[in-house]
1. Under the condition of being out of contact with any helix residue (DSSP H, G or I) (no Cβ under 8 Å at 6 or more places or on another chain) and part of a helix (DSSP H, G or I), which residue from the stretch 1-18 is surrounded by the most Cβ atoms within 10 Å (Cβ to Cβ)?
2. So which residues in the stretch 43-75 are over 12 Å from ALA10 (Cα atoms) and either among the hydroxyl-bearing types (Ser, Thr, Tyr) or buried (at least 16 other Cβ atoms within 10 Å of the Cβ) (or both)?
3. Within the stretch 24-41, restricting attention to residues that are surrounded by 16 or more Cβ atoms within 10 Å (Cβ to Cβ) and of a type outside the set (S, T, N, Q), which residue is farthest from the chain's Cα centre (by Cα)?
Amino acid sequence: MSFMLRSAAAGPVLHGPDGKCRLSQVQLISLVQQVGFALHEDPANKLTWLRETVLSIDQSDSSIAQFIGPVIEEVTKNLTGCARDYPPEQQREARLLNSFCVALVTPE
């Protein structure tokens, strides 16, 4: 996973020239789960990919309804656990991502 994340920029992989996401919501939530697992390894790349992927999630999509809560809960735990060991800039990124994640699963 880390090799793939280092090999390609998140934006062009996730989004086409028209700005639409190239991946399905199921693929996105799976990617969030995979990228959000070992955040202590290659955090700069993983935080970038996680940010781009989380921002592409549509929490109202019924195809991910049963998965989004548990996945986001695990990612927020991992972000909180790893962030204290990050340099200041990555700590800010992790806090921002944590806020995005919580917003995904918080009812409006």
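Read-outs: derived from the displayed coordinates by stated rules, not from any lab. Just so we're clear, the structure is a prediction, and the values are computed from it rather than from any experiment. Here the Cβ positions follow ideal geometry from the backbone for every residue, glycine too, while neighbour counts run over all protein chains shown.
1. Looking at the filtered set, the residue picked out is VAL13.
2. Across the stretch 43-75, the qualifying residues are PRO43, ILE57, GLN59, SER60, SER62, SER63, ILE64, ILE68, VAL71, ILE72, VAL75.
3. LEU39
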